[in-house]
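The values are calculated or read from the model by the stated rules, or taken from the named source; none is laboratory data. Please read all numbers here as calculations on a predicted model, not as lab measurements. Quick reminder, even Gly has a Cβ in these numbers, built from the backbone with ideal geometry, and neighbours come from all protein chains shown. SASA here: full protein model, heavy atoms, side chains in, ligands and nucleic acids out. Shrake-Rupley method; radii C 1.70, N 1.55, O 1.52, S 1.80 Å.
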Amino acid sequence: QVQLVESGGGLVQPGGSLRLSCLASGFTFSGYRMSWYRQAPGKERELVATISSTGDFTNYADSMKGRFTISRDNLKNTVYLQMNSLKPEDTAVYYCKAVWVVGGRDYWGQGTQVTVSS
């Protein structure tokens, strides 16, 4: 069965760093575009970053640009989100998403909590 399992979340102080991982299984990982989303209580789920299937193209939301970096290792079936200079407003549940554009298929992970607080 298809699975996306996020890890690496936790509590960090403002200005700190965190690295999230999403381990995929049950599908051809290298054929999917991968994204990170986040959702804070009472707010809409928003796109954080996207990386193409080959890793040649990345895209970031404006508020994350310059602080976050998305990457992937197709040999390990894993996508990463390096988060630097974290702010309290980055506090949210972070979700991993896989998309097969041509086939119109997508999968979601269960999310991992990131809390930025003094």
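What is the magnitude of the charge dipole of segment 24-118 about its Cα centre, with +1 placed on the Cβ of each Lys and Arg, -1 on the Cβ of each Asp and Glu, and no other charges, expressed in debye to the nearest 20?
Dipole size: approximately 80 debye.
Once you have the Cα-Cα distance between Lys87 and Ser71, take 0.36 nm times their residue separation minus that, and quote the gain in nm to one decimal.
On the way: separation 16, 0.36 × 16 = 5.76 nm, distance 2.10 nm.
Additional length available on full extension: 3.7 nm.
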(request) Can you grab the distance from the C-alpha centre of segment 51-72 to the C-alpha centre of segment 73-118, Å, no decimals? (result) 11 Å
(request) Once you have the Kirkwood Rh of the chain from its Cα pairs, apply Stokes-Einstein at 20 °C and 1.002 mPa s and quote D in µm²/s. (result) 151 µm²/s
(request) Pop out the carbon and sulfur fraction of the accessible area of the chain as a percent, whole number, probe 1.4 Å. (result) 47 percent
(request) Would you list which lysines come within 17 Å of Lys87, measuring only between C-alpha atoms, while excluding same-chain residues fewer than 8 positions from it? (result) Lys43, Lys65
(request) Would you mind working out the accessible area per residue for the chain, using a 1.4 Å probe, and quoting it in Å²? (result) 54 Å²
(message) I'd like the Karplus ³J(HN,Hα) series for segment 4-10: coefficients 6.51, -1.76, 1.60, θ = phi - 60°, whole numbers in Hz, and an x wherever there's a Gly or Pro.
(response) 10, 10, 7, 7, x, x, x
(message) If you take every residue apart from Gln110 with its C-beta less than 12 Å away from the C-beta of Gln110, what net charge results, scoring Lys and Arg +1 and Asp and Glu -1?
(response) 0
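In segment 37-107, which GluC sites (Glu not before Pro) are in a loop and have at most 13 other Cβ atoms within 10 Å, using DSSP for the loop call? Write out the running numbers ahead of the final one.
Working: sites: Glu44, Glu46, Glu89; in loops: Glu44.
Filter output for segment 37-107: Glu44.
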